[in-house]
Amino acid sequence: MIRLATPADAAAICAIYNYYIVNTTISFEENPVEADDMAQRIETTNTRHCWFVYEENGIIEGYAYATPWRVRSAYRNSVETSVYINHNSGGKGIGTALYTHLIAELRQRGIRAVIGGIALPNRASVALHERMGFTQVAHFVDVGQKFGKWVDVGYWELVLTSA
C-alpha cells in the first residue's frame, strides 16, 4: 500500500535512510538522521510537494518524496525527487511503484520538471530513473567527498505533460 507519509512514520523512514548514510555514498549526509529531524522534514511539506511511504503488512519498506528544486520563484514548477527502499527489499518493484505514484501525484499538482540527483556509480537508481522515462542531463565529477573518496553526481530529468 502506498500512502502519504506522516511525522509518525519518521522513525521507520530513518531506519531505511540511515543505512544508506552509514554504509554507502548514495546519500551525501554523513551523520544519521534522528526521528525528530525527519518528522520535521515531512511536516514542512507543502501543497506542491509530497512524501509517500510503501507499507506492507504494517511495515514501511520504502519511501519517496519531492522537494523544491531551487528556492527562486521561477523554479516553482520544478522538483527534486528521491526514493529509498529498505536495503533488504530491493528488486521487488517497490521503487518503481513509489516513483509511479509520486510522479502521477506531481503531475496532478501541476509540476513540470522532475529532477533526480544520483551519486555515481549507482546502477539500480540509474535503471529506475531511466525506466521511468528520465534522461540524463548532467554529470559532475568529484563534487562530493565521503568515506575519504570523491564521488560523482549525475542528474536525470523528466519533463511532465499536463494532467
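Where a number appears in this text, it was derived from the coordinates with a stated rule and is not lab data. Just so it is clear, the model here is predicted, and its values are computed rather than measured. All Cβ positions, glycine included, derive from the backbone under ideal geometry; neighbour counts span all protein chains shown.
Close amide-amide hydrogen proximity is noted between SER82 and TYR65, each under 5 Å apart and 5 or more residues distant or on a separate chain (H modeled in the peptide plane; Pro and chain starts excluded).
Let's see if you can work this out: charge +1 on each Lys and Arg Cβ, -1 on each Asp and Glu Cβ, no other charges. What is the dipole magnitude of the stretch 96-163 about its Cα centre, in debye to the nearest 20? Dipole magnitude for the stretch 96-163 comes out near 140 debye. Along the axis of the charge dipole computed for the stretch 96-163 (Cβ charges of +1 for Lys and Arg, -1 for Asp and Glu, origin at the Cα centre), the listed residues MET132, GLN108, PHE147 are led at the positive end by GLN108.
Using Cβ point charges alone (K and R +1, D and E -1), the dipole size of the chain about the Cα centre works out to roughly 620 debye.
With the biggest extent put first, the Cα atoms of the stretch 23-92 measure 40, 28, 26 Å across the principal axes.
Adding -39500 (n - 2.57) for every DSSP H run of four residues or longer, then dividing by how many residues the chain holds, sets the calculated 222 nm ellipticity at -9000 deg cm²/dmol. The phi-based Karplus calculation (6.51 cos²θ - 1.76 cosθ + 1.60; θ = phi - 60°) puts the 3J(HN,Hα) values of the stretch 139-147 at 9, 9, 9, 6, 9, x, 10, 8, 6 Hz, whole numbers, x for Gly and Pro. Length available on full extension from ASN77 to THR47: 0.36 nm per residue minus the Cα-Cα distance, which gives 9.6 nm.
Average projection, convex hull of the Cα set of the chain: 9.4 square nanometres.
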